[in-house]
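The values are calculated or read from the model by the stated rules, or taken from the named source; none is laboratory data. The model shown is predicted, which means the values in this text are computed figures rather than measured ones. All Cβ positions, glycine included, derive from the backbone under ideal geometry; neighbour counts span all protein chains shown.
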Amino acid sequence: MQTIDGNGAVASVAFRTSEVIAIYPITPSSTMAEQADAWAGNGLKNVWGDTPRVVEMQSEGGAIAAVHGALQTGSLSTSFTSSQGLLLMIPTLYKLAGQLTPFVLHVAARTVATHALSIFGDHSDVMAVRQTGCAMLCAASVQEAQDFALIAHRATLKSRVPFIHFFDGFRTSHEINKIIPLTDETILNLMPQAEIDAHRARALNPEHPVIRGTSANPDTYFQSREATNPWCNAVYDHVEEAMKAFGDATGRQYQPFEYYGHPQAERVIIMMGSALGTCEEVVDELLIRGEKVGVLKVRMFRPSPPNICYRHYRKPFALSPCWIAPKSLARRPSRFIWT
């Protein structure tokens, strides 16, 4: 067992699975970047025996651009951010997703500043990147934050779709808890070497030059954009496979969607993030009182194929009509104007 906070647990996995880490600290993700920088300065190695290069840029936009460049040269790269910092990364996230570039961005979710700045947690930042094409995994505890970090790094290499791994700022990022740490051997065994080699083979190289980032006209743009659909549609299976491989290696089992509660629930909350622990305790108490309730735990938020969502949302309570309450931790200012 190891006593550690969420940021430290995630940073440890990200550091050991990366070769280039571009950073620009922003609360509450700052300590992930700070620890990675300190480890590199002290000569700590990743699972391949090399010290990752940690570069602090001038802004979050610069950090994600540096990651993009490193990925184009065949390196394994990552970064950390929150709130407005994540918003500055949106243009490059579109590029990474469109180019099918494997990469994991670790986000300590935080309120986006509106009429006032707030450093505390909600999901308004991660909700702003739903449309970028990145897959999204949400961890609910310190243990899950560590575990999902590795699952995301495996799944992104398998699927070639970039991943945003997020967890609640402060509530999880700064929570100190006892977890079962991942060893270098476990991490190395779960990192798919064949897909890493394929990523390196796609690197820009004067020996086999290619053109990327060109301008496309309507006659080809939409066709090439739609051509990425098979990769996006396969993400769910890759996440499921990564979670199964992780479970086989560690004994900790996860699913993209998990149901907890009465098999014939009449009331169900759909939830993701640190509130899941509270929801489970409430469900336990209400079950004792004879109430038919449950909670659907969302681990993989994007992409969410309709057939997969329907199968998981309906399966636990398909035989009885029920009241479903999806809970969002982000306010939508336009919710009364646009649907």
Study note, to complete from the structure: Exception for Gly273 within (1) touching a helix residue (DSSP H, G or I) at 6+ places or on another chain (Cβ under 6 Å); (2) closer than 23 Å to Ile164 by Cβ falls at (1)
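With respect to Ser75, determine if the residue is modelled with pLDDT of 95 or more and closer than 19 Å to Asn7 by Cα. Working first, answer last.
Values: modelled with pLDDT of 95 or more: yes; closer than 19 Å to Asn7 by Cα: no.
It is false that Ser75 is modelled with pLDDT of 95 or more and closer than 19 Å to Asn7 by Cα.
Does region 265-272 contain any residue that is of a type in the set (A, V, I, L, M, F, W, C) and either within 22 Å of His174 (Cα to Cα) or in the same structural domain as Ala140 (by TED's automatic domain parsing) (or both)? Outline the logic, then answer.
Going through region 265-272, the residues of a type in the set (A, V, I, L, M, F, W, C) turn out to be 265, 268-272.
With either within 22 Å of His174 (Cα to Cα) or in the same structural domain as Ala140 (by TED's automatic domain parsing) (or both) added as a condition, the list becomes 271-272.
Checking region 265-272: at least one residue is of a type in the set (A, V, I, L, M, F, W, C) and either within 22 Å of His174 (Cα to Cα) or in the same structural domain as Ala140 (by TED's automatic domain parsing) (or both).
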Review point. If we only count helices (runs of 4 or more DSSP H) wholly inside region 216-313, which ones have 3 or more residues that are surrounded by 19 or more Cβ atoms within 10 Å (Cβ to Cβ)?
Key: 235-250, 276-288
Point to revise | Boolean, Asn233 is touching a residue at least 40 places away in the same chain (Cβ under 8 Å), assigned by TED's automatic domain parsing to the domain that holds Lys95 and over 21 Å from Gly6 (Cβ atoms) | key: no
Review point. What do you reckon, is Ile26 assigned to a loop (DSSP other than H, G, I, E, B), assigned by TED's automatic domain parsing to the domain that holds Ser83 and buried (at least 18 other Cβ atoms within 10 Å of the Cβ)?
Key: yes
**Study point:** In region 106-126, residue modelled with the lowest pLDDT [restricted to those that are over 14 Å from Asn7 (Cβ atoms) and touching a strand residue (DSSP E or B) at 6+ places or on another chain (Cβ under 9 Å)]
**Key:** Asp122
Exercise for review: Run down Ala249, Ala201 and say which single residue is under 19 Å from Gln99 (Cα atoms) and more than 20 Å from the chain's Cα centre (by Cα).
Suggested key: Ala201
Practice item. Output the residues belonging to region 198-215 that are modelled with pLDDT of 95 or more and either in a strand (DSSP E or B) or loosely packed, with under 11 Cβ neighbours inside 10 Å (or both). Key: Ala201
